[in-house]
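Here the structure comes first, spelled out in structure tokens, and everything after it is commentary.
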Amino acid sequence: MKKFLVLGILVLVILGGIFFLKRLDYSKVAIVLPSSERASSPYFYQKDGDFFLAEDLKQGLQKLGYKVEYRFRENYEDLKLGNIGNVIYFKGYYNFEHLPDAENKNDGRKRVLYLYYVEGLHSEIFNEVDVVVCASKKFIKEVVAPTGVIATYIPQFTNPDRFKSSAKEMDKAYPVLFVGSDHTGFGRKSVDYAVLAGANLSVFGKFWEKTLQPDILKGNFIENNDLYRYYASADIVLNDHRDDMSYYGFVSNRIYDVSASGGFVLTDYLPEIVEVYGDSIATYKDYYDFKEKLKYYLAHPDERKAMTQKAREITLKNFSNLKIAEMFDALFKNIKK
């Protein structure tokens, strides 16, 4: 009898150990990215905006005590999440028909879809997560909410440790600067307007070789850790939004990055920008408005300086990576599993 009792206790200990090893750890987060680990890919993580947005969120979450890991495109077929308790899927430049590992939705993990880019979006994936997080209130109201899926608003953001105020550097002091890629091959509104206006324009980004003159295209990449120096040194940094992002009010994270760096940004008009920044961010509504404001602000550096100071204060208060990490932290804690 004693022998069977000892054997039974031993079995319970082993089973308990197995259960312990499989128990999910909700202090761990996996961020599933559209970025690639292959250096030959146009979405190679070391040169991909989705990765750097995730990197900034990672730093914010780590300040709150989370342990964060990445999963890339190459991991989609076999995600290998182990005992990670929280999963954030970044939509980005990837058209998910089904989210990786979504078939295991009921395994106890807390799954969140983060929408800051909606081109090619398959709405069926809304049902594969516990909560849809979106950087547009209008998109939630018009697209996500009617499906009955739980959704919450979390904007894009910046990292004040990466995008910080900097002294002007003359070799980076471009009069008019645009940093971004031409993924569609049909140009970008602000770049098109600047070329048409005859601006002293400099562009850094991918896929511009067929559409821009060599004297305008200065390079296809700026190291992310150096971007703030370019933003702070340029007279005016241009920004624009694709039509779908503009319609739904997805505010580009370039607004936050440039303003956090103490740079002056001229962007296409979105009511969501004016709602938050008032007159501290310069906006344009069409080509003629763009041309007029570009000329005006280039001629008024003191006014630019006052606006950048005000915009920077607003950004640091509302759109830091720590602030957004705190929103994700509260979200995770409210998902009951």
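Is it the case that some residue within the range 244-257 is assigned to a loop (DSSP other than H, G, I, E, B), surrounded by 16 or more Cβ atoms within 10 Å (Cβ to Cβ), within 19 Å of the chain's Cα centre (by Cα) and without any contact (Cβ under 8 Å) to a residue 60 or more places away in the chain?
Start the filter on the range 244-257 by keeping residues that are assigned to a loop (DSSP other than H, G, I, E, B), which leaves 249-252.
After this cut, where a residue has to be surrounded by 16 or more Cβ atoms within 10 Å (Cβ to Cβ) as well, the list is 249-252.
So of that shortlist, the ones also within 19 Å of the chain's Cα centre (by Cα) come out as 249-252.
In the following step, the residues that additionally are without any contact (Cβ under 8 Å) to a residue 60 or more places away in the chain were identified as none.
So far as the range 244-257 goes, no, none of its residues is assigned to a loop (DSSP other than H, G, I, E, B), surrounded by 16 or more Cβ atoms within 10 Å (Cβ to Cβ), within 19 Å of the chain's Cα centre (by Cα) and without any contact (Cβ under 8 Å) to a residue 60 or more places away in the chain.
Can you list the strands (runs of 3 or more DSSP E) found entirely within the range 79-183 that contain at least 3 residues being of a type outside the set (A, V, I, L, M, F, W, C)? Break it down into steps so the answer makes sense when it comes.
On the way: elements: 84-90, 110-115, 131-134, 151-153, 176-179.
It comes to 84-90, 110-115.
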(request) Return yes or no: is Gly82 touching a helix residue (DSSP H, G or I) at 6+ places or on another chain (Cβ under 6 Å) and under 21 Å from Glu37 (Cα atoms)? (result) no
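Could you pull out the residue among Ala306, Ala299, Ala330, Ala325 that is free of Cβ contacts under 8 Å to residues at least 40 places away in the same chain and outside the structural domain of Val179 (by TED's automatic domain parsing)?
Numbers: Ala306 fails: outside the structural domain of Val179 (by TED's automatic domain parsing); Ala299 fails: outside the structural domain of Val179 (by TED's automatic domain parsing); Ala325 fails: free of Cβ contacts under 8 Å to residues at least 40 places away in the same chain.
From the options Ala306, Ala299, Ala330, Ala325, the qualifying one is Ala330.
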(request) Among residues belonging to the range 182-216 that are surrounded by fewer than 17 Cβ atoms within 10 Å (Cβ to Cβ) and in contact with a strand residue (DSSP E or B) (Cβ under 8 Å, 6 or more places away or on another chain), point out the one that is modelled with the lowest pLDDT. (result) Glu209
(message) Tell me yes or no: at least one residue of the range 182-192 is under 22 Å from Tyr284 (Cβ atoms), over 22 Å from the mean Cα position of the chain (by Cα) and charged (D, E, K, R).
(response) yes
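Do we have Gly187 as in contact with a helix residue (DSSP H, G or I) (Cβ under 6 Å, 6 or more places away or on another chain) and in a loop (DSSP other than H, G, I, E, B) here?
The answer is no for Gly187.
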(message) Please go through (1) in a helix (DSSP H, G or I); (2) outside the structural domain of Val131 (by TED's automatic domain parsing); (3) not acidic (Asp, Glu) for Gly262 and return the number of the only condition it doesn't satisfy.
(response) (1)
(request) Please tell me if Glu55 is in a helix (DSSP H, G or I), at pLDDT 90 or above and exposed (fewer than 15 other Cβ atoms within 10 Å of the Cβ). (result) no
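The values are calculated or read from the model by the stated rules, or taken from the named source; none is laboratory data. Only a predicted model underlies this, so the values are computations on that prediction, with no experimental measurement involved. Glycine gets a Cβ as well: all are built from the backbone with ideal geometry, and neighbour counts include every protein chain shown.
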